[in-house]
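Sharing a structure here in structure tokens format.
Each value in this text was obtained by applying a stated rule to the coordinates, not by laboratory testing. Everything numeric here is computed off the predicted structure, so don't read it as measured data. Note that each Cβ is placed from the backbone with ideal geometry, even for glycine, and that neighbours are counted across all protein chains shown.
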Amino acid sequence: MSIENEFVKNLMTANIHSVSPDQELAAVQNIMEQNSVGHLPVIENEKLIGMISMTDIKRMRYLSEFTGKKVSEKTVFVLFDIKEAMTSPVVSVDVNTTVMEVSKIFSASEYHALPVMKDEEVVGILSMKDILKYFIKNISQ
């Protein structure tokens, strides 16, 4: 199948974890580490309001260093919340977005993962790694 005819629903990771904006950054980091994921959708009142990544959390730690004080990881987790760390508004793709379309989105942006939507529901996440695996598999055929 060509990239014009292959849909992200066939490449995405389904059965994903999500977080709510009232969770602590430490809990979010633990969820990511325990499940070996780098990105989580942030859901509030059953609506996607953001995406948070391990990079976003690390960025919060880095920002704290500009205070001129040595700040512990625990302190960073208290100083910042998910809404301050997450990416919002969110760029998402529909389950029927083609690999070609999503490849263009990734190549024109700094995103490493995008939530995949069916109507108003997050049904998966598509990462750059998923796209690379697809290309490697299909180039070798």
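Hand me the GluC sites (Glu not before Pro) from region 1-49 located in a DSSP loop with no more than 13 other Cβ atoms within 10 Å, in residue order please. Please list the in-between numbers first.
Details: sites: GLU4, GLU6, GLU24, GLU33, GLU44, GLU46; in loops: GLU4, GLU6, GLU24, GLU46.
Passing sites in region 1-49 are GLU4, GLU46.
Grab the other residues whose beta carbon is less than 10 angstrom from that of GLU121, score K and R as +1, D and E as -1, and report the net. Please list the in-between numbers first.
Working: positive: LYS47, LYS118; negative: GLU46, ASP119, GLU120.
Combined, the nearby Lys, Arg, Asp and Glu give -1.
Taking K and R as +1 and D and E as -1, what net charge do the other residues with C-beta under 9 Å from the C-beta of ASP81 add up to? Please report the intermediate quantities before stating the final value.
Values: positive: LYS83; negative: ASP22, GLU24, GLU84.
Here the charged neighbours net out to -2.
Under the rule of at least 5 residues apart or a separate chain, name every residue whose amide H is placed under 5 Å from the amide H of ASP94.
MET117
For q values of 0.16 Å⁻¹, compute log₁₀ I(q)/I(0) with the Debye formula on a Cα-only model of the chain, without solvent.
-0.84
Another question, then. Provide the net charge surrounding VAL8, with neighbours chosen by a C-beta distance below 9 Å and charges set as Lys +1, Arg +1, Asp -1, Glu -1. Show your work: numbers first, answer last.
Values: positive: LYS9; negative: GLU6, ASP94, GLU101, ASP130.
Combined, the nearby Lys, Arg, Asp and Glu give -3.
Let me ask something else. Take every Cα pair under 8 Å in region 8-139 that's 6+ residues apart, average their separations, divide by the length, and report that relative contact order as a whole percent.
It comes to 32 percent, rounded to a whole number.
Could you sort 35-42, 107-114 so that the peptide with the highest average Cβ count within 10 Å comes first and the rest follow in order?
Numbers: 35-42: 18.5, 107-114: 14.2.
So the order, starting with the most tightly packed, is 35-42, 107-114.
Let me ask something additional. If neighbour count is taken as other Cβ atoms inside 10 Å, put ILE125, ILE139, ILE52, ILE105 in order from fewest to most.
On the way: ILE125 24, ILE139 7, ILE52 27, ILE105 15.
Going from least to most buried by this count: ILE139, ILE105, ILE125, ILE52.
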